[in-house]
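Only one structure is covered here, and it is reproduced in the block below.
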Amino acid sequence: MTESKLYIEGGRKLRGEIFVHGAKNSVLPVLAATLLSGGQCRIHNCPALSDVFSSCRILRSLGCKCRRDGDTVEIDAREISDYEISEELMREMRSSIVFLGAIIGRLRRCRLSFPGGCELGPRPIDIHLAGLRKLGVKIIEDHGVLDCTLSGTVGGADITLNLPSVGATENIMLAAAIGSGETVIRNAAKEPEIADLAGFLNACGADIVGQGTSTVTVRGVERLHGAEYTVMPDRIVAATYMGAAAITGGELMLRGVRPADMYSTVAVFEQMGANVYPYSDRIYISAKKPLNAVKTIRTMPYPGFPTDCQPIVMAVLTRARGTSVIVENIFENRFRAAPELVRMGADIKAEGKVAVIEGVSRLSGAATVATDLRAGAALVVAGLSAEGTTTVSNLHYIDRGYESIETALRGLGAKIKRV
Ligand code: EPZ
């Protein structure tokens, strides 16, 4: 059965209100952490995403009970029967590497296959492994399998990451939460999703401070217990819908968001000339005037401009007046939306870390292919403003990070359907 495609008739201004679902990049490590809790957990504001379903499959394969009830996921992690994640499950979702720290923390043993590279280029885990080894985890890497053992409890360590890796920070927090020593993580990632994971772990009885700063301290505790927790809203999905409003000259109220996580993203939309009004839990955006180019955008670790928003903002800038320059500092292969946008009439020259975008007065609909999650979202955003019909295939990438993107956009007046 061939995979479905999105069909988008561009040229309609988006208007209305949308509730932004829970953050994929928070719910994934939080679901891994439920395994560490050893108890019964209820996680609210869980988005219906394929990566979330994959995480539930991994939890079940390890012996947990996992049940969805609307946007709440109930996990019973009291009985764990396995410490190994199958290669098939590891390949299904690259970020399942975050289960490594949770399984080691709970069972002192873990076997999993190297996470496949992904569309953004090789996804090394050297920083994860260096940190875990400093905690005393013995890791044997051979034939693409990681075999990890920890004798005794985690005695704490002073770990400096050689770059503020989100996943490595999360894995070390998970592996160090149960233990008898104090673990200091320096040059830690400061993304809000790290603070969300720490929030959940502390609700389970962990003792973590400094989350959101570059030094996170985890004081090991004897054991954890289950907890109830609500996951933060997805700041990248919010930025995507802001892009859809901006490129179509529409106006949008985003509900259930946390503007405090989005200053650098909001700043870029303001530089484009959109009117953006952040309130406590919502953001209003309108773009009545044609957009201006943004001289230079550099993706940086949080609180800098997020790499995940870069493809989406690139799509919007194809319609802005003037020349914009984007420097992608985080991933080495993250301009993959560019050739597809060029097929739609965009004027983009991407070379290494730098992309130069000359705004054009119109985009024309084309048959396009999503190459990764955010590049796929960028094509949808561009299609909303292109004349004629744009099709986007490889929707499985988009479904990893967006809950029924066509339903959300149709609710805002877009002519879009999945066939
Ligand atoms: C998380 O990936 C997110 N994924 C990514 O979102 C996001 O783009 C990224 O953080 C940066 O913000 C999840 O949270 C599930 P990193 P992660 O470790 O943890 C290099 C999306 O679209 N690196 O901070 O894998 C790495 O190659 C996804 O939702 C090493 O060299 O990101 C990259 O260049 C895409 N060695 C940079 O660091 C390591 O051991 C940042 O990676 C680890 C990372």
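What follows is calculated from the coordinates using simple rules that are stated; it is not laboratory data. Since we're looking at a predicted model, the values are computed, not measured. Positions of Cβ are backbone-derived with ideal geometry, glycine not excepted, and every protein chain shown enters the neighbour counts.
Amide H contacts of K5: V419, each under 5 Å away and 5 or more positions distant or on a separate chain (H built 1.01 Å from N in the peptide plane; Pro and chain starts excluded).
Of I208, G136, V184, which is farthest along the charge dipole of the stretch 24-230 in the positive direction, counting Lys and Arg as +1 and Asp and Glu as -1 at C-beta? In the stretch 24-230, that residue is G136. The phi-based Karplus calculation (6.51 cos²θ - 1.76 cosθ + 1.60; θ = phi - 60°) puts the 3J(HN,Hα) values of the stretch 325-337 at 10, 10, 10, 9, 9, 9, 10, 8, 9, 10, 10, 6, 6 Hz, whole numbers, x for Gly and Pro.
Which entries in K134/K295; K190/K417; K353/K417; K65/K417; K289/K415; K5/K190 show an alpha-carbon gap greater than 31 Å? Violating the 31 Å Cα-Cα cut-off are K134/K295; K190/K417; K353/K417; K65/K417; K5/K190. Amide H contacts of R282 (H built 1.01 Å from N, in plane; Pro and chain starts excluded): V257 sit under 5 Å, all sequence-distant by 5 or more or on other chains.
Both the radius of gyration and Dmax for the stretch 24-230 are 15.2, 41 Å, in that order, over alpha-carbon atoms. Given +1 at the Cβ of Lys and Arg, -1 at the Cβ of Asp and Glu and no other charges, the dipole of the stretch 102-241 around its Cα centre is 340 debye to the nearest 20. The GluC sites (Glu not before Pro) of the stretch 312-377 include none that meets both conditions, a loop assignment by DSSP and at most 10 other Cβ atoms within 10 Å of the site Cβ. Of all DSSP beta bridges confined to the chain, the antiparallel ones make up roughly 70%.
DSSP beta bridges fully contained in the stretch 24-230 are about 75 percent antiparallel. Taking label positions 7 Å along the Cα-Cβ direction at both F53 and H143, the computed distance is 3.2 nm, reported to one decimal.
When each of the peptides 3-12, 18-27 is scored by how many other beta carbons lie within 10 Å of its residues on average, the order from highest to lowest is 18-27, 3-12.
Suppose every Lys and Arg Cβ carries +1 and every Asp and Glu Cβ carries -1, with no other charges. What dipole size does the chain come out with about its Cα centre, to the nearest 20 debye?
Approximately 860 debye in magnitude.
The Rg/Rh ratio of the stretch 223-353, with Rg taken over Cα atoms and Rh as the Kirkwood radius over Cα pairs, comes to 1.02. Put simply, the stretch 306-419 fits an ellipsoid with semi-axes of 22, 17, 11 Å; these come from the alpha carbon gyration tensor as the roots of five times its eigenvalues, largest first. Restricting the calculation to Cα atoms, the stretch 74-138 yields a radius of gyration followed by a Dmax of 12.7, 37 Å. About its Cα centre, the dipole of the stretch 178-325 is roughly 740 debye, where the only charges are +1 on Lys and Arg Cβ and -1 on Asp and Glu Cβ.
How many angstrom lie between the Cα centre of the stretch 333-408 and the Cα centre of the stretch 224-286? Cα centroid of the stretch 333-408 versus Cα centroid of the stretch 224-286: 20 Å apart.
Could you give the nm distance between label points at D158 and A260, where each point is 7 Å from its Cα heading toward the beta carbon? Result: 3.1 nm between the two label points.
Computed from label points 7 Å out along Cα-Cβ, the spacing between E88 and V360 is 4.4 nm. If you bin all the Cα-Cα distances of the chain at 20 Å, starting from zero, the percentages per bin are 28, 55, 17, 0.
The length gained by stretching the chain between D126 and N275 to full extension, at 0.36 nm per residue less their Cα-Cα distance, is 49.4 nm.
Computing FRET efficiency as 1/(1 + (r/R0)^6) for K65 and V327, where r is the C-beta to C-beta distance and R0 is 30 Å, gives about 0.05.
Projecting the Cα positions of I103, M314, C41 onto the charge dipole of the chain (unit charges on Cβ atoms of Lys, Arg, Asp and Glu, taken about the Cα centre) puts M314 furthest along the positive direction.
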